[in-house]
Each structure stands twice: as structure tokens, then as C-alpha cells.
1. Somewhere in region 221-235, is a residue crowded, with 17+ Cβ neighbours inside 10 Å, more than 16 Å from the ligand (Cβ to nearest atom) and more than 19 Å from Cys327 (Cβ to Cβ)?
2. Could you check, for region 13-36, whether at least one of its residues is charged (D, E, K, R), over 21 Å from the mean Cα position of the chain (by Cα) and open to solvent by less than 30 Å² (accessible area, probe 1.4 Å)?
3. So, Ser143, is that one within 22 Å of Thr331 (Cα to Cα), within 16 Å of the ligand (Cβ to nearest atom), of a type in the set (Ser, Thr, Tyr) and not in a strand (DSSP E or B) or not?
4. In region 37-79, how many residues are open to solvent by 20 Å² or more (accessible area, probe 1.4 Å) and touching a strand residue (DSSP E or B) at 6+ places or on another chain (Cβ under 7 Å)?
5. I'm checking my understanding of the structure. Among residues of region 156-193 that are within 27 Å of Gly304 (Cβ to Cβ) and open to solvent by 10 Å² or more (accessible area, probe 1.4 Å), which one is farthest from the ligand (Cβ to nearest atom)?
6. Select from region 350-369 the residues that are of a type outside the set (S, T, N, Q), part of a helix (DSSP H, G or I) and out of contact with any strand residue (DSSP E or B) (no Cβ under 6 Å at 6 or more places or on another chain) and list them in ascending order.
7. Out of (1) within 16 Å of the ligand (Cβ to nearest atom); (2) open to solvent by 10 Å² or more (accessible area, probe 1.4 Å); (3) assigned to a loop (DSSP other than H, G, I, E, B), what's the single condition that is false for His249?
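The values are calculated or read from the model by the stated rules, or taken from the named source; none is laboratory data. The model shown is predicted, which means the values in this text are computed figures rather than measured ones. A quick note on method: Cβ atoms are made from the backbone with ideal geometry, for glycine too, and the neighbour counts reach across all protein chains shown. Ligands, DNA and RNA are stripped out before the accessible areas are found, and what is left, the full protein with its side chains, is counted by its heavy atoms. Shrake-Rupley method; radii C 1.70, N 1.55, O 1.52, S 1.80 Å.
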Amino acid sequence: MSVDTSGIDVGRERADTPGCHGVVHLNNAGAALPTRPVLDTVIEQLELEARVGGYMAADLVAERSAAVYDSVARLLGAAPEEIALVESATRAWDMACYSLASTFRPGDRILTSASEYASNVIAFLQLASRHDVEVVFVPDDASGQLDVAALRELVDDRSRVIAMSWIPTQSGLVNPAAAVGAVAREAGVPYLLDACQAAGQLPIDVDALGCDFLSATGRKYLRAPRGTGFLYVRRAWIERLDPPFADVHAAQWTAGDRIALRDDARRFESWERSVANQLGLGAAVDHALALGVDAIAERVLGLGASLRERLRAVPGLTLRDRGAQQCGIVTFTIADVDPYACAAQMRGHHVNISVSTIDFARRDFEQRGLTAVLRASVHYYNTDEELDRFVELLRTAPRA
Ligand SMILES: Cc1ncc(COP(=O)(O)O)c(C=O)c1O
């Protein structure tokens with residue numbers, strides 16, 4: 001059992017989470033269950049659009065839409081003008097890295113982690129071939145996290161960006177984001193931090209982290225609707241970066257042959273968006289802030305540790321989480337058990353878990369000699385009883 005001192009009223013949170021009642025949801029690193037107020041916010045906006053049309057509906061909630069930037073800024077310790085709302089973490093990451101490409105010269109280097117998410121690396125490899133730059137994977141230390149000393153050794157005048165996933169998709173690992181930020185600052189190299197799995201799970205303070213850019217999604221630990229994400233761009237970087245593409249929202253066509261980009265982070269946004277989903281994101285962020293992200297982190301990390309403890313009792317099971325600090329993502333393999341069959345079996349028992357595969361983090365899987373791991377990711381609304389049930393199912397499930 002986990003000892004919970006977070007102060008979160010789990011019963012109340014579950015009562016306000018419609019999805020909790022039909023399923024043991026342990027795929028929060030995929031997409032968490034939204035709260036009833038998030039769901040209502042989205043549905044109400046869609047109904048308003050159906051009644052008055054999407055444009056008038058947007059006008060009617062303009063103030064609430066503007067407040068979403070304030071909420072996200074508060075979550076990050078940033079200013080609202082440093083926030084761009086986009087449709088995914090990948091789009092946020094891409095806007096930062098394809099913009100930064102204008103600073104790349106042949107022979108430059110992109111320094112990134114070995115546990116990086118595939119989409120992040122795909123963008124860098126595409127840029128590497130376009131600009132004749134090299135992607136360098138910083139090795140892990142003995143614990144499995146990015147080796148900060150090795151990074152310090154690697155940084156030189158060819159380094160154009162340091163980019164890292166704080167929490168990777170395929171492991172409970174929490175990378176040393178602030179220590180990496182300190183190296184980046186010391187060296188004067190821009191730092192792009194992927195906080196996709198961290199937003200809503202860990203407290204975030206962009207100044208303490210020392211990042212210049214931060215990308216995240218809404219649908220994971222923040223419990224927001226799918227199709228939402230955001231990019232933080234440090235004030236000093238906004239006007240130095242030309243977005244890879246711009247539209248009538250990001251820029252103005254000021255004369256026959258001239259455009260003027262916005263002077264805030266919204267130069268990285270698109271004009272068209274789901275207002276309903278963005279209001280849902282705002283409601284989800286406000287909920288996390290009201291609960292307190294410190295309290296959320298305490299409960300999620302506590303449940304994660306407690307699940308690892310329980311899993312040790314399952315015959316043939318090997319925990320696959322690495323790192324000096326671990327989070328609510330718990331990964332494992334079971335001898336002679338096909339992960340897909342196991343996840344399907346669990347689904348049959350109304351337990352949602354997922355499978356992380358080499359396609360999502362090739363470098364990390366290759367270096368560990370793995371092709372797939374099972375991933376059970378907890379949130380604060382999960383309970384000890386749910387974890388017991390899941391582990392008992394794993395223990396007793398017939399093995400092929
Ligand atoms: C670490 C990490 N970065 C980025 C992403 C991509 O997020 P999105 O699907 O919102 O683009 C994921 C998704 O699982 C992720 O785990």
C-alpha cells in the first residue's frame with residue numbers, strides 16, 4: 001500500500017471522473033481520463049457552435065480563451081505572451097526546432113538524449129540531412145538518466161541546441177532537466193525541453209529548469225482533451241526565431257511584398273483551432289493548479305513506486321524503469337509473455353495498459369536490447385485497490 005500524504009481527495013476526484021467507473025485506467029501516459037468539468041466545457045462550446053456558428057461562438061468566449069494562456073503560463077512559471085497553443089506536443093517541438101534550424105551551419109551539432117521520443121528525433125534527422133548538421137546522442141549514466149557530465153564534455157562551439165525529453169515515453173525515468181538546463185546556460189546553448197509526460201505530473205518552473213523552449217501535450221497527465229498542446233518560448237527568443245510557416249494569425253500581410261510576424265509566442269500558432277478543446281485545456285490546467293501540482297506529483301510518484309513494489313511479486317516479471325528518479329510510468333516485461341497479448345488480455349478485464357515499442361524510442365530500445373515493454377502509467381485518481389486488482393490479474397493470467 002502507498003502512504004498518501006498528498007491531501008488529494010481521491011474519492012471526490014473519482015466521482016468527478018466519468019471514465020473511472022468503467023475501467024481501471026493505467027494508460028495515463030497515453031491519454032488520461034478527463035474530469036467532468038473538462039468534458040462539460042468542451043461539450044458546451046460545441047453546443048454553442050452548433051447554435052450560433054463557430055465564429056460567433058468563439059467571439060462569445062474570447063475572454064475565456066484568452067485566460068487559457070494565463071493558466072498555462074501559471075502552470076509553467078512563464079508569462080502569457082511566452083505561450084503558444086498548438087494541437088500537440090510534436091507540433092510544439094517542431095515549431096521550436098524547425099525555427100532554430102535557421103541558426104544551423106554545416107558541421108553544427110544537435111545534442112539530445114538516448115531515450116528521445118521518435119518524433120523528436122525524426123525532426124532532428126530531417127534537419128540534419130537538410131543542413132548538414134549532426135545529431136549526437138548524449139550517453140546515459142549508470143543509473144540510466146542522461147549523463148550530465150558527458151553532456152558538459154560534449155558541449156562546444158558547434159552545439160546549436162540541447163534537446164531532451166524530461167520523462168521519456170517508454171520508461172519511468174525522470175531525466176535531470178534542471179541540471180541539463182544549468183549546462184545549457186553555462187554554455188549559452190539554447191535548451192529545448194520536452195515536458196510532454198511531465199506536464200500535470202511534475203511541478204514545472206521554466207526559470208528553475210533553465211529551458212528556452214518547452215513543449216507539452218494536453219491529453220496526458222493534464223487530463224485535457226486530445227488535440228491540445230502548447231509551446232513555451234522564452235521572451236528573449238521569440239523575435240529571434242522565424243517560424244517555419246506562418247498564417248494570417250501568426251503574421252500580418254502589411255504591404256504588397258511584406259509581412260510582419262507577431263511579437264509574441266503566438267507567431268508559432270495557427271489561425272484555425274478547436275476553441276472547444278482549448279477551453280477544455282484551460283479547464284484541465286486550472287484543475288491541476290487548484291489541486292496543486294506538488295500534491296499531484298507526490299501522489300503519482302508514490303503510486304508509481306507502490307506499483308513497482310507490487311509487481312516485484314509477479315513471477316517472471318522484470319521491471320524496466322531506469323534512472324535516479326522515477327515517476328508514475330511503470331514499464332516491465334514478463335518472461336515468455338507477448339506484451340500485446342498481455343495488454344489485450346488486460347483490456348478484456350477492463351484494465352487499460354499499453355505497449356511501448358522500439359518504433360517510439362529506437363535508440364533507447366536498441367541499447368537495452370528490447371523491442372517492446374508493457375507500460376502501466378498511474379494517475380492520482382488510481383487507487384491501491386485498482387493496483388492490487390491489476391497485479392493479481394497479471395499474476396493469475398494464463399500464459400501462452
Ligand atoms: C516524451 C514524448 N514526447 C512527445 C510525444 C508526442 O506527443 P503528441 O502526440 O502530443 O505530439 C509523446 C507522446 O507519447 C511523448 O511521450
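1. yes
2. Yes, region 13-36 contains at least one residue that is charged (D, E, K, R), over 21 Å from the mean Cα position of the chain (by Cα) and open to solvent by less than 30 Å² (accessible area, probe 1.4 Å).
3. No; evaluated as a whole, the condition is false for this residue.
4. 1
5. Per the criteria, the residue is Ala182.
6. Ile358, Asp359, Phe360, Arg362, Asp364, Phe365, Glu366, Arg368
7. (1)
Matching residues to (1) assigned to a strand (DSSP E or B); (2) under 22 Å from Leu173 (Cβ atoms); (3) open to solvent by less than 20 Å² (accessible area, probe 1.4 Å):
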| site | (1), (2), (3) |
| --- | --- |
| Glu81 | no, no, no |
| Leu85 | yes, no, yes |
| Thr90 | no, yes, no |
| Trp93 | no, yes, yes |
| Leu100 | no, no, yes |
| Gly107 | no, no, no |
| Leu111 | yes, yes, yes |
